[in-house]
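Have a look at the structure below before the remarks.
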Amino acid sequence: MPVNNQKLLEDIGLPSSWPSANRNLLGLSGAWVEPIKRLSIFDADEFEIFVEQWASEYLLHKYYQVQKRGGSGDKGRDVVAWIDSPDVSPRKWDSYQCKHYKNPLMPSDFWLELGKLCYYTFIGDFTTPETYYVVASLGVGTTLQDYIDDPEQLRTRLIENWQKYCEDHITASARIALEGDFETYVNQFDFSIIQSLSPNTLIDQHSHTKYHAYVFGTKLEPRPSVPSPPSNVAPFETRYIQNIYDAFADHLKVEVRDRDGFANAEHLVHAFDHARESFYSAEALKEFARDNLPDNSYFIDILKQFFDGLQVVLYEPHVDGFSRMLAAHKLSTTLQIDSNALRDVIRSNDRVGMCHQLSNEGKIKWIKP
């Protein structure tokens, strides 16, 4: 694809927000709708956001680079998925032409797009893609699919319909007649590159993105196991670890600077190890939320719910900081969580770990000022 056409494309970025997409995931009212049915009732704007989500997550992991159209003049390219890096010439790519219609895509809906593909590759505005995928909100109708499955018939039907659907519509500045070298080009074009992507396949591919549960109200994927904490305390643990040392020092009435300061107190060794295991479990929950939900608002909400719920034990009298920490641990395991997408995947260790996440953020101290 020539450099002067790159200005029409831009790298796929974060999808637009979709505040009304997710009702059931939040545990709110309304009957759950099968994803295939929900996809069928998306309006044009919703389908565009859905495509952005799919392209920015699923396709971006499959290709070297993914770009989207930059507005008018895209010449029939909705999503450009680069197979090769920019230093390869000619650079291989796949095209995804995305259509939102109220009915399954008919041949009459598609001839112009196919005409653009033939014309702009003929004049060299861009190279022929390896595969040209037709992505329609309600899928491809039977007649068009029959043509796609038979590339020679697709060619024949396009030529038959060229004058009606393509000749005066490919560009506003010229009439594109099917004659001469261009006619020869169309007669030799490899129409086997045209493929359709069914709605079921599109939903399955979208299910591998962090937006899927949010949009369709499906359950989150099972959480993976949590790895054990490293033997040495990591730099990002410093704050909550120091708060634990302070709580232990208040309990033992001696200075505690490291693990050696309480090595002879078995109950403190156990509490320390459990605190770190729980902290890493909660961190794993945060990463899980990042990878499976559209933004970090769900985890932030959970953490705030725990912070609010723990206030009752943070400010009541305790014999020492260790006692206050244990009281927070105990309460955290029973706190009621309001509607939140993460509610059903939280584990007991996550709850204790969030006490220490809050401590690590400086919101909780086990020693009262």
*Scan the stretch 12-24 and give yes if some residue there is in a helix (DSSP H, G or I) and either modelled with pLDDT under 75 or surrounded by fewer than 18 Cβ atoms within 10 Å (Cβ to Cβ) (or both), otherwise no.*
yes
*If you take the residues of the stretch 71-107 that are over 28 Å from the mean Cα position of the chain (by Cα) and under 20 Å from residue 190 (Cα atoms), which of them is most open to solvent (accessible area, probe 1.4 Å)?*
90
*Residue, nearest to residue 291 (Cα to Cα), within the stretch 37-66, restricted to residues that are among the aliphatic types (A, V, I, L, M) and open to solvent by 70 Å² or more (accessible area, probe 1.4 Å)*: 60
_Extreme residue, nearest to the chain's Cα centre (by Cα), among residues of the stretch 217-234 that are over 30 Å from residue 34 (Cα atoms) and of a type in the set (Ser, Thr, Tyr)_ = 228
_Every residue from the stretch 156-202 that is outside any loop (DSSP other than H, G, I, E, B) and open to solvent by less than 20 Å² (accessible area, probe 1.4 Å)_ = 158, 162, 182, 186, 191, 193, 194, 197, 202
*Between residues in the stretch 156-183 that are touching a residue at least 40 places away in the same chain (Cβ under 8 Å) and residues that are crowded, with 18+ Cβ neighbours inside 10 Å and not hydrophobic (A, V, I, L, M, F, W, C), which pairs lie under 6 Å by C-beta distance while being six or more apart or on different chains?*
157/147; 166/115; 170/115; 170/116; 170/119; 176/119
*Applying the selection to the stretch 184-233, what residues are over 22 Å from residue 286 (Cβ atoms) and acidic (Asp, Glu)?*
190, 204
*If you go through the stretch 73-118, how many residues are more than 27 Å from residue 164 (Cα to Cα) and outside any loop (DSSP other than H, G, I, E, B)?*
5
*If you take the residues of the stretch 302-343 that are surrounded by fewer than 16 Cβ atoms within 10 Å (Cβ to Cβ) and among the acidic types (Asp, Glu), which of them is nearest to residue 217 (Cα to Cα)?*
338
*Quick one: in the stretch 119-136, which of the residues that are closer than 25 Å to residue 48 by Cα, in contact (Cβ under 8 Å) with a residue 60 or more places away in the chain and out of contact with any strand residue (DSSP E or B) (no Cβ under 7 Å at 6 or more places or on another chain) is least open to solvent (accessible area, probe 1.4 Å)?*
126
*Filter the stretch 271-297 for residues that are hydroxyl-bearing (Ser, Thr, Tyr) and open to solvent by less than 20 Å² (accessible area, probe 1.4 Å) and give the result.*
278, 281
_So in the stretch 212-256, with the set limited to residues that are modelled with pLDDT of 95 or more and among the basic types (Lys, Arg), which one is surrounded by the fewest Cβ atoms within 10 Å (Cβ to Cβ)?_
253
_The listed residue being over 26 Å from residue 157 (Cβ atoms), part of a strand (DSSP E or B) and of a type in the set (Lys, Arg), out of 37, 68_ = 68
*Consider residue 237 against the criteria (1) of a type outside the set (A, V, I, L, M); (2) under 30 Å from residue 34 (Cα atoms); (3) in contact (Cβ under 8 Å) with a residue 60 or more places away in the chain: it satisfies all of them except one. Which criterion is unmet?*
(2)
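The values are calculated or read from the model by the stated rules, or taken from the named source; none is laboratory data. The structure displayed is predicted, hence computed values, not measured ones. Cβ: placed from backbone, ideal geometry, glycine included. Neighbour counts: every protein chain shown. Heavy atoms of the whole protein, side chains included, go into the accessibility calculation; ligands, DNA and RNA do not. Shrake-Rupley method; radii C 1.70, N 1.55, O 1.52, S 1.80 Å.
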